[in-house]
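In what follows, a single structure is set out as structure tokens and then discussed.
Since every read-out is calculated from the coordinates, none of them should be taken as a lab result. Note that the structure is predicted; figures quoted are calculated from it, not measured. Don't worry about glycine lacking a Cβ; one is built from the backbone with ideal geometry, like all the others, and counts go over all protein chains shown.
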Amino acid sequence: MSLSYVLKESFSGLKKAKMSGIITLFTITISLLLLGIFILVLTNINDVVQHIRDRIEIELFIQDGLNQTKKDSIYKNVINIPGIKTAKFISKEDAAKIFFEEFGEDINKVLDFNPLPESYKISLIDDVKNSNDLQKITQELKTISGVDDVIYRKTLLELLDRRSKLFSQISLVVGIIISVISVFLISNTIRLVIHSKQKIIETMKLVGASSVYIKVPFVLEGLFHGFLAGIIASLILFSIIHFILPIIGEDLFSYITVAYYFFPGIVLLGCTLSLIGSVLSTKIFINKKK
């Protein structure tokens, strides 16, 4: 197979179908922009949700009047439960300090005594920070002798689980729809180019040209569209993130994180979608014309 022929035919398609090529390039760019925005929103919302999950702790209150041996026994039982990372003891004095920091009042002066119970502030490993796992852990904690009560932000965690799951499902569906539309548009453009070269293709088949030899230029043409659209979409997204968002609000910009592989990933995504569309189109429409 001649490389010069393949490249010549690939770019000749771009020249002969300029309008359809421009429309396809524009459409793929818009599709990649939408996909890029969805990816950014999804990843950043997931980061926020994970940050909230990381701050969720279990508070285990122990009964009054326990000696140190019993407290140590409770600690050992707590730390041996799967999913628990650390358990920090909070004395009555520590609880009074926390109360003062949060409410600005000295509990000893307000009530003339300290009614706050001793407790353990329990942190969890990342894999168990969901409502189902925490429910199981709290039930196990309550069975420990000397434990008075176990609490955590159950309502917030259940809300996070429901909303994050729903958002992920919606984003997945929208992402698939945009990707399918992009593949269809690319495939349709290549089909028009194939139709415009129908006589040339038939002649090449008659002289014995292989199917691969005929298809490769069309595939490369679609791949070029995807590559160029990926670069354009990446530049637009980069401009939005680094130049427009800081103008709209520095607080908004400070919450947005972009992975180092995001922009190369957009270019790769454009190439991948274009490659799929081109391969499907050539497989269907060139083989059809035998």
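A few remarks follow.
- Other residues with beta-carbon under 11 Å from the beta-carbon of Lys88 carry, at +1 per Lys or Arg and -1 per Asp or Glu, a net charge of -1.
- Lysine pairs within region 100-210, Cα separation less than 22 Å, 8 or more sequence positions apart or different chains: 12
- Total formal charge among the other residues, if their Cβ is under 15 angstrom from that of Ile276, Lys/Arg +1 and Asp/Glu -1: +2
- Ile122 sits among other residues whose Cβ lies under 11 Å from its own Cβ, and their net charge, with Lys and Arg +1 and Asp and Glu -1, is +1.
- Of the DSSP H helices in the chain, those whose Cα atoms cover at least 30 Å axially and whose Kyte score averages 0.5 or more: 18-55, 154-196, 211-239, 262-288
- Computed extension length for Ile37-Glu93: 15.2 nm, one decimal, from 0.36 nm per residue of separation with the Cα-Cα distance subtracted.
- Lys/Arg +1, Asp/Glu -1 at C-beta; the chain dipole; positive extreme among Val173, Ile241, Gln198: Gln198
- For the chain, the relative contact order comes to 29 percent (Cα pairs under 8 Å, sequence separation of at least 6).
- Dipole magnitude for the chain: about 2740 debye, using +1 per Lys or Arg Cβ and -1 per Asp or Glu Cβ, origin at the Cα centre.
- For region 57-152, the relative contact order is 49 percent, taking Cα pairs closer than 8 Å that sit 6 or more residues apart in sequence and dividing their mean separation by the residue count.
- Residue with peak Gaussian network fluctuation, the chain [Cα springs, cutoff 10 Å], from Ser123, Ser171, Ser210: Ser210
- For Thr143, Thr24, order by how many other beta-carbon atoms lie within 10 Å, fewest first: Thr143, Thr24
- The amide H of Ile90, built 1.01 Å from its N in the peptide plane, has Ser119, Tyr120, Lys121 as neighbours under 5 Å, considering only residues 5 or more places off or on other chains.
- Segment Leu268-Glu57, extension gain: residue separation times 0.36 nm, minus the distance between their alpha carbons: 71.9 nm
- Among Val78, Ile62, Gly104 - extreme Cα towards positive end, dipole of region 57-152, charges at beta-carbon: Val78
- Distance in nm between pseudo-label sites at Val207 and Arg162 (7 Å out along the Cβ direction from Cα): 6.9
- Choice from Asn108, Asn80, Asn130 showing the highest fluctuation, given a GNM over the chain with Cα pairs closer than 10 Å: Asn108
- Identified option (computed percent of Cα pairs over 36 Å apart; candidates (i) 10; (ii) 48; (iii) 16): (ii)
- Student exercise, region 57-152 dipole from Lys, Arg, Asp, Glu Cβ charges, in Debye to nearest 20: 400
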